[in-house]
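What follows is calculated from the coordinates using simple rules that are stated; it is not laboratory data. Because the structure is a prediction, the values reported are computed rather than measured. With ideal geometry, Cβ positions are generated from the backbone for all residues, glycine too; neighbour counts draw on all protein chains shown.
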Amino acid sequence: MIDYETLCLVSPDLSEEEVNTFKSKIEGIIASFKGKVKKTEDWGLKKLAYEVKKKNKGRYILFQYAGGGTLVHEIERTLRLLDHSFKFLTVKIDNIKLQKVAKAKEKEKIASQPDETKA
């Protein structure tokens, strides 16, 4: 399984009950594709940098989960079909972690090399 994060921007007009229904729908999709929900965060209403669908505010909801590529495809397909979902972004977490580890190892390698300018 691969770790993913999906950040969704949804309508600010949704009630708490509708937001909970939205979250449970996405979590249900993850469960039906044998994925694992790691964390769901509701970041609340935020002012947007520019209007999206004639709205100045939006509610951000973050899903962290593990699963396969078909799971990501299904979540994104569902988010496109929902009227109250404005935008979304899915990121594969493993690549980010691997890049950070590779950069740290490269820095260690450079630091462990003897300084030739002092000789």
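Okay, here's what the table says:
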item	result
Sites L14 and R80 - FRET efficiency at Förster radius 22 Å, r taken between beta-carbons, to 0.05	0.80
Net charge, K46 excluded, C-beta distance under 14 Å - Lys, Arg +1, Asp, Glu -1	+2
Assigned charges on the beta-carbon of Lys, Arg, Asp, Glu; the chain dipole about Cα centre (debye)	220
Sorted by Cβ density within 10 Å, fewest first, the residues L89, L48	L89, L48
Signed unit charges on C-beta, dipole axis of the chain, positive-most listed residue L9, N56, V101	V101
222 nm mean residue ellipticity, helices alone, for the chain (DSSP H n ≥ 4; -39,500 (n - 2.57); rounded to 500)	-14000 deg cm²/dmol
The range 2-94: equivalent-ellipsoid semi-axes (sqrt of 5 x gyration tensor eigenvalues, Cα, Å)	23, 13, 12
Ascending count of other beta-carbon atoms within 10 Å, so fewest first, for V37, V10	V37, V10
DSSP-assigned coil residues among GluC sites (Glu not before Pro) in the range 15-119, each with at most 11 further Cβ atoms within 10 Å	E116
